[in-house]
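Enquirer: Sharing a structure below in structure tokens format, with a few things to ask.
The values are calculated or read from the model by the stated rules, or taken from the named source; none is laboratory data. Quick caveat, the model's predicted, so the values are computed rather than measured. Here Cβ is always computed from backbone atoms with ideal geometry, including for glycine, and neighbour counts include all displayed protein chains. To get the accessible areas, we keep the full protein, side chains included, count just its heavy atoms, and leave off ligands, DNA and RNA. Shrake-Rupley method; radii C 1.70, N 1.55, O 1.52, S 1.80 Å.
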Amino acid sequence: MTNYGHPVEFGLELVGGADAPGVAVELAVLGERLGYGIVTFPERIREDDEVRADEWTLAAWTAARTNTARIAARVDASVRPASVIARSAGTLQLLSGGRGMLMLGSASAQGGLDAIEEAVAVVRALHDTSTSSVSLAGTHHHLAGAEPGPGLERAVPLWLHGTGTAVADMAGRVADGWAVDLADVGIDGLAARNALLDRAAVDAGRDAREVRRSVTLALSDAFDVDALVALVVEHGVSSMVLRVGSGDQLQLRTFIDEVAPAVRAGVERSLPPGALSSRPLRRADVRARRRPGIDYDDVPEDLAETAVEPGDAGFSGVRSTYLRGGNPGLVLRPSTADEVASAVGFAHKHRHLPLGVRSGGHGISGRSTNDGGLVIDVGRLDDITVMDEAARLVRIGAGARWRDVARALQPYGWALTSGDYGGVGVGGLATAGGIGFLARKHGLTIDHLRAVEMVLADGTLVRASATENPGLFWAVRGAGANFGVAVAFEFVVDEVDEVGWAQLAFQAPDPAAYLEAFGRVVADTPRDTTPFLVLGQGVAQVMAMVDSADPDVIVAQLQPFAEIAPLVQQQVVVAPYAAVMNMFPETPHDGRGEPVSRSAFVREITPGFASASADLIRSGASHWYQIRTVGGAVADVAPEATAYAHRDAGFALAVMGSNAQRLDRWFGPVRDHSEGLYLSFESDRHPDRLTDAFPPATLDRLRRLKAQLDPDNLFRDNFSLTSALDDSRSAS
Ligand SMILES: Cc1cc2nc3c(=O)[nH]c(=O)nc-3n(C[C@H](O)[C@H](O)[C@H](O)COP(=O)(O)OP(=O)(O)OC[C@H]3O[C@@H](n4cnc5c(N)ncnc54)[C@H](O)[C@@H]3O)c2cc1C
């Protein structure tokens, strides 16, 4: 008995697509609806060497018309340039959401095998974006300094197709699967090639189970179910692909309705319980890049399919965050609350490793990546649902980005104040505060929170609101990262029509004078206007939002700011809030920057604060000095009502530099003129920063709750509340 433990799946090989592409695509759509899991388009080359309709285009069109089926293009590696094959397969994989497959074969007797093997190397090299350039010199395929890409979340499964024993041997050495036409080799030929393939795999240091086996079957009116079961149980076949054309619709239905269930039942009866598993089995070279201390084989079944390891194609896309470079050992990507609970359970078993919790990956205080540890990335929990339109109650998944939230709320004439950058994630910001462009009019993001669903350290999913787990509800609004993984939030959002949005640039040769003047203007500005200031050497930039669509109101509110110093540039528009949140496109998260960040709150801009700030700016120790205005509605909430307690602050300062020692030398005097800090902009892990972030009574209450809900300090990637005991001073 030879079985490799893969669940059996059924597919279609669509012939005739080259001449009647529309018919082939419709057949593929029907096949998926009926329950077929694979659709293959074989390349057909006429005797006159003329390629008719293109299989990649057929595959791409089919991918767009289907949702679940895997789409394979079968191409001749000695006819098409391998680099073009790699780009086409990668693009199909991207556009289909990871449903692409590539089958390589060759009809050429002369050098066909070499062409296939070289094409495999080219495709794998071009899909590995961990390098910047690829050169390969083959007999058939050459690359000279080619740039890898596209970056893929999941590698394209690479199968070989062919009847020759050499193809089976090569599949054992290098491929993810081997496909053969059963009529061409017969059962004995299949068994012989399988044995050859197994030996080649083992000789190459692989596990023979890494290579899936697929047979193509001609349609028949009388399939022998026992023979098909034997293919699976005795010969390790896990895919049966029917060759069909446009006239075969009836038999296609009969097979999937009658034969396929009988085959599945027969297989189940014949194999020991638990013999089949849909867990992905990684190639030996991928497993070789695993990190110590992680029980990769114990990743819960519900997370195994989407988990990303260092050797996976998608690793470069998840290893780092927006600002922080990382190299975690495993990234778990749950898509439901139950899966988050599974991930937390797994993290608990790996308490000895660092754990990052990630939503949008824009953490500054929380790094949400690490070296050799685990990351729970809830980015797939990104649903945005209006629960009660009359009450403007909206449920938002922790993995959503603020730009998507703004876009989803815009059609209702609503907005939820968030921050100044649409790429930031909901989970990180809504567990810390949320100082945004509507703060003075509408308060912090957390002030709109009515309930949160969170998975705690013991794996339980709880709901916290004013009436359910009120202590946790209080803590989540300012220090949520310490208590669990937020899955979703319920917010009451605001009616916000179009807003006035201004970008003003000034000459500011005297930063202290500019700052003091800015402070005076803000003090006299109504709360419907929230300006943020970026101050540099000789220049100042004010970005301000006025919560009004009336140009006269907007101009009246902005005029005093325009008069602070000579204006060098100005732009004022009336635009939806969503347009401001969508100003900047998403960029890949490659951790460039690694800034050292410092934060402080001040009630008002005093001469001492302005002078210390000016010294800091002139020193060059900081490349980013930004003041967000708060006060207004933020101050309407009592300091003890939420864990975010600095309600009396008028301004929140964020300063970034590249050298901690140098920055601290100049930031120290600024801190002397400030009170407290906003955790989200602080990267100094010294325990004193916790006492800056939380007043004594708040910190005491938080620590008591932490001891109760997370006694093992599982959630510690973002200013652990127990860190006073650890004395874990970081260099940044
Ligand atoms: C370019 C930029 C602009 C910013 N602008 C603003 C702004 O205007 N106003 C403002 O208030 N902040 C702002 N921030 C700070 C930002 O709000 C925080 O860094 C926030 O933590 C980022 O959230 P995230 O989900 O994107 O980050 P992530 O890196 O995914 O998470 C950061 C930390 O938050 C915690 N966390 C993440 N998800 C969850 C979850 N589901 N449950 C529990 N804890 C979780 C973890 O401890 C994690 O380490 C900005 C940051 C950047 C980089």
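Enquirer: State whether one or more residues within segment 558-565 are open to solvent by 10 Å² or more (accessible area, probe 1.4 Å), acidic (Asp, Glu), at pLDDT 95 or above and in contact with a His (Cβ under 9 Å, 6 or more places away or on another chain).
Expert: no
Enquirer: Identify, from the list 513, 505, the residue that is open to solvent by 10 Å² or more (accessible area, probe 1.4 Å), of a type in the set (A, V, I, L, M) and more than 26 Å from residue 423 (Cα to Cα).
Expert: Being open to solvent by 10 Å² or more (accessible area, probe 1.4 Å), of a type in the set (A, V, I, L, M) and more than 26 Å from residue 423 (Cα to Cα) holds for just one of 513, 505, which is 513.
Okay, residues lined up against (1) of a type in the set (Ser, Thr, Tyr); (2) open to solvent by 30 Å² or more (accessible area, probe 1.4 Å); (3) under 25 Å from the mean Cα position of the chain (by Cα):
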| site | (1), (2), (3) |
| --- | --- |
| 134 | no, no, no |
| 158 | no, no, yes |
| 169 | no, yes, no |
| 175 | no, no, no |
| 181 | no, no, no |
| 187 | no, yes, no |
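Enquirer: Using the structure shown, decide if residue 266 is more than 19 Å from residue 372 (Cα to Cα), surrounded by 15 or more Cβ atoms within 10 Å (Cβ to Cβ), more than 16 Å from the ligand (Cβ to nearest atom) and not aliphatic (A, V, I, L, M).
Expert: yes
Enquirer: Determine, yes or no, whether residue 592 is farther than 25 Å from residue 698 by Cβ, exposed (fewer than 15 other Cβ atoms within 10 Å of the Cβ) and either in contact with a helix residue (DSSP H, G or I) (Cβ under 8 Å, 6 or more places away or on another chain) or of a type in the set (S, T, N, Q) (or both).
Expert: Spelling it out, it is not the case that residue 592 is farther than 25 Å from residue 698 by Cβ, exposed (fewer than 15 other Cβ atoms within 10 Å of the Cβ) and either in contact with a helix residue (DSSP H, G or I) (Cβ under 8 Å, 6 or more places away or on another chain) or of a type in the set (S, T, N, Q) (or both).
Enquirer: Moving on. For segment 514-522, indicate whether the set of residues that are part of a loop (DSSP other than H, G, I, E, B), of a type outside the set (A, V, I, L, M, F, W, C) and modelled with pLDDT of 95 or more is non-empty.
Expert: Checked segment 514-522: no residue is part of a loop (DSSP other than H, G, I, E, B), of a type outside the set (A, V, I, L, M, F, W, C) and modelled with pLDDT of 95 or more.
Enquirer: Also, quick follow-up: List pairs: first residue in segment 445-469 and within 14 Å of the ligand (Cβ to nearest atom), second residue assigned to a helix (DSSP H, G or I) and open to solvent by 80 Å² or more (accessible area, probe 1.4 Å) anywhere in the structure, Cβ distance under 8 angstrom, at least six positions apart or on different chains.
Expert: Final answer for the pair search is 461/338.
Enquirer: Okay, next question. I need the full set of residues from segment 669-704 which are open to solvent by less than 30 Å² (accessible area, probe 1.4 Å) and more than 16 Å from the ligand (Cβ to nearest atom), in order please.
Expert: Scanning segment 669-704 gives 670, 674, 687, 698, 699.
Enquirer: If you take the residues in segment 415-439 that are under 19 Å from residue 385 (Cβ atoms) and outside any helix (DSSP H, G or I), which one is farthest from the ligand (Cβ to nearest atom)?
Expert: Here the answer is 415.
Enquirer: In addition: Any residue in segment 314-330 that is open to solvent by 20 Å² or more (accessible area, probe 1.4 Å) and in a loop (DSSP other than H, G, I, E, B) sitting within a Cβ distance under 6 Å of a residue that is modelled with pLDDT of 95 or more and near the ligand (Cβ under 10 Å from one of its atoms)? List the pairs, counting only those 6 or more apart or interchain.
Expert: 322/361; 322/362
Enquirer: Going by what's in this entry, would residue 260 be described as open to solvent by 10 Å² or more (accessible area, probe 1.4 Å) and among the small types (Gly, Ala, Ser)?
Expert: Criteria not met by residue 260.
Enquirer: Answer with yes or no whether residue 347 is near the ligand (Cβ under 10 Å from one of its atoms) and open to solvent by less than 20 Å² (accessible area, probe 1.4 Å).
Expert: Criteria not met by residue 347.
Enquirer: Scan segment 199-242 for residues that are over 19 Å from residue 103 (Cα atoms), open to solvent by 30 Å² or more (accessible area, probe 1.4 Å), in contact with a Ser or Thr (Cβ under 9 Å, 6 or more places away or on another chain) and not in a loop (DSSP other than H, G, I, E, B) and report the count.
Expert: 1
Enquirer: How many residues does segment 352-400 contain that are near the ligand (Cβ under 10 Å from one of its atoms) and open to solvent by 50 Å² or more (accessible area, probe 1.4 Å)?
Expert: Result for segment 352-400: 1.
Enquirer: Can you tell me which residues in segment 326-340 are touching a Gly at 6+ places or on another chain (Cβ under 8 Å), within 13 Å of the ligand (Cβ to nearest atom) and not basic (Lys, Arg)?
Expert: Correct list: 326, 328.
Enquirer: For segment 403-413, check the following and say yes or no: at least one residue is without any contact (Cβ under 8 Å) to a residue 12 or more places away in the chain, away from the ligand (no atom under 13 Å from the Cβ) and part of a helix (DSSP H, G or I).
Expert: yes
Enquirer: Do we find that residue 304 is in contact with a Lys or Arg (Cβ under 7 Å, 6 or more places away or on another chain), away from the ligand (no atom under 11 Å from the Cβ) and more than 20 Å from residue 401 (Cα to Cα) in this structure?
Expert: In short, yes.
Enquirer: Would you please name the residue that is farthest from the chain's Cα centre (by Cα), looking only at residues in segment 58-107 that are of a type in the set (Val, Ile, Thr) and over 21 Å from residue 120 (Cα atoms)?
Expert: In this case the residue turns out to be 62.
Enquirer: Considering only residues of segment 440-455 that are over 24 Å from residue 334 (Cβ atoms) and either out of contact with any Phe, Trp or Tyr (no Cβ under 8 Å at 6 or more places or on another chain) or part of a loop (DSSP other than H, G, I, E, B) (or both), which is most open to solvent (accessible area, probe 1.4 Å)?
Expert: 441
Enquirer: Would you say residue 299 is over 22 Å from the mean Cα position of the chain (by Cα), touching a residue at least 40 places away in the same chain (Cβ under 8 Å) and more than 12 Å from residue 376 (Cα to Cα)?
Expert: no
Enquirer: Mind listing whichever residues of segment 365-398 are on the phi > 0 side of the Ramachandran plot and not hydroxyl-bearing (Ser, Thr, Tyr)?
Expert: 372, 392
Enquirer: Quick one: which of 614, 660 is in contact (Cβ under 8 Å) with a residue 60 or more places away in the chain, away from the ligand (no atom under 13 Å from the Cβ) and either open to solvent by 30 Å² or more (accessible area, probe 1.4 Å) or touching a helix residue (DSSP H, G or I) at 6+ places or on another chain (Cβ under 7 Å) (or both)?
Expert: 614
Enquirer: Here are 437, 518, 491, 532: which of them is more than 21 Å from residue 580 (Cα to Cα) and open to solvent by less than 10 Å² (accessible area, probe 1.4 Å)?
Expert: 518
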